[in-house]
1. Kindly report the accessible area of segment 122-165 per residue (heavy atoms of protein chains, probe 1.4 Å, no ligands, DNA or RNA), in Å².
2. Evaluated at 20 °C with a viscosity of 1.002 mPa s, what Stokes-Einstein diffusion coefficient in µm²/s does segment 80-153 have when Rh comes from the Kirkwood expression over alpha-carbon pairs?
3. Find the eigenvalues of the gyration tensor of the Cα atoms of segment 61-123, then list the square roots of 5 times those eigenvalues as equivalent ellipsoid semi-axes, largest first, in whole angstrom.
4. With a Förster radius of 45 Å, plug the Cβ-Cβ distance of Glu103 and Val43 into 1/(1 + (r/R0)^6) and report the FRET value to the nearest 0.05.
5. Please compute P(r) over all alpha-carbon pairs of segment 32-94, binned at 10 Å starting from zero, and give each bin as a whole-number percent.
6. For segment 122-203, treating each Cα as an identical point scatterer without solvent, what Debye log10 I(q)/I(0) comes out at q = 0.13, 0.19, 0.20 1/Å?
7. Which distance in nm do the two modelled labels at Arg191 and Leu213 give, with both placed 7 Å along the Cα-to-Cβ direction?
8. I'd like the trypsin sites (Lys or Arg not before Pro) in segment 79-161 restricted to DSSP loop residues with at most 14 other Cβ atoms within 10 Å, sorted by number.
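The values are calculated or read from the model by the stated rules, or taken from the named source; none is laboratory data. Only a predicted model underlies this, so the values are computations on that prediction, with no experimental measurement involved. Reconstructed Cβ throughout: ideal geometry from the backbone, glycine too, with neighbour counts over all protein chains shown. Accessible surface areas use protein heavy atoms only, side chains included; no ligands, DNA or RNA. Shrake-Rupley method; radii C 1.70, N 1.55, O 1.52, S 1.80 Å.
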Amino acid sequence: MGSGFLALWVGLPIVVGTIFVILLVRARRAAEPGGLSRLEEWVVAVVGTGAMLVAAGSAIMLVLAGIQVFTVDPLRIDGFPLANAAVPSFADKSDAIVGAGYESVWLEVTGLPGETRWLLYLEAALPLLAALAIGVAVAWLAIGLLRGRPFVRSLPHVIGVTAIAVLVGGLGSQVFGSFARASVVGFLGERTITAGDMGDGPYEGLTGWVLTLDLGPIGWALGLALVAAAFQIGTRMQKDTEALV
């Protein structure tokens, strides 16, 4: 990916989108005292435009991921946990290496059943949906700032939905990925493809169902939920202030 590609497909859309957003917002509102400066408008517009591009790119990737998962055969699948792995041969080239092994392996499998492909698609799609939700929320906030009204009633709901999407996308992707690989192992035959020990020493192979959760998405989701609550409070305060005026 060269600099020309980045300039044409990343830089140019951001510049054009930023100019369009600023002109559109300025045409719909008059200058207000205490509002954003011109530099701040450009910064917010750049961020909002980038968020729109992220949302659009995530939507496109959702379609492309579906096409790949449901049409490609054989299909490459990464991240299979490996048990009783043999020591790699290159470890013998250095006396400083006292132990080595493989933790995962990728496979190209043909004839996968539909339910396995759906699990693989959900593994890829849920993080993309979370990215789509984040892009929409950031763009929504940027437009509100440019219009001088960041505390609109819809924004807390958008951020709340984004928090749910981050939680479901982060944890659900790991769960569906684990079930997908277990489904592939079952399709290939657990007795023939998994690791074990026949009495004369362990032999390497895949493992059965393994789930290791990264709980980071829970923290991000809780943080976004607090942001949504803060904007909800700000919306009420702004409404009360407007009522007093």
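1. 47
2. 121
3. The answer is 35, 11, 10 Å, longest axis first.
4. So the FRET efficiency works out to roughly 0.55.
5. 15, 19, 18, 18, 16, 10, 4, 0
6. With one equal scatterer per Cα and no solvent, log10 I(q)/I(0) is -0.59, -0.84, -0.88.
7. Going by the 7 Å Cα→Cβ label model, 3.4 nm.
8. Arg153
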